[in-house]
Amino acid sequence: MVNKRFEKWEMPEIEEKKLHPKYFFLVQHKENLELGYKTDIGAFTYINAKYEVKIGKNVQIGSHCSIYSHSTMLQQR
């Protein structure tokens, strides 16, 4: 069965630190983000690609997710 949702899929244009006007996700360090063909990112998802994030083809990410390429927890010695 073919998913008609992706028949007219186009790579989304991403602006740095701006909520995408159609898909409602936000990206920081967009130059370090690689999106695969027919990637579906859910609404209100946050991606911080400071140290590179690669998302393969045909990947679906649910809404309200956070993806980081680095730890957000303080490291103690």
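Per-residue 3J(HN,Hα) values for region 28-41, derived from phi via the Karplus relation 6.51 cos²θ - 1.76 cosθ + 1.60 with θ = phi - 60°, read 10, 6, 4, 5, 9, 9, 10, 9, x, 4, 6, 6, 10, 10 Hz in sequence order (x marks Gly and Pro). Given +1 at the Cβ of Lys and Arg, -1 at the Cβ of Asp and Glu and no other charges, the dipole of region 16-68 around its Cα centre is 100 debye to the nearest 20. With neighbour counts taken as other beta-carbon atoms within 10 Å, the residues 59, 27, 53 rank, fewest first, as 59, 53, 27. Since only 65, 12, 28 are under comparison, the one whose Cα sits farthest along the positive direction of the charge dipole of the chain, derived from C-beta charges on Lys, Arg, Asp and Glu, is 65.
Rg and Dmax of the chain, both derived from C-alpha coordinates alone, stand at 13.7, 53 Å.
Laboratory data are not the source of any read-out in this text; all were calculated from the coordinates shown. Remember, it's a predicted structure, so these values are computed and weren't measured experimentally. Quick reminder, even Gly has a Cβ in these numbers, built from the backbone with ideal geometry, and neighbours come from all protein chains shown.
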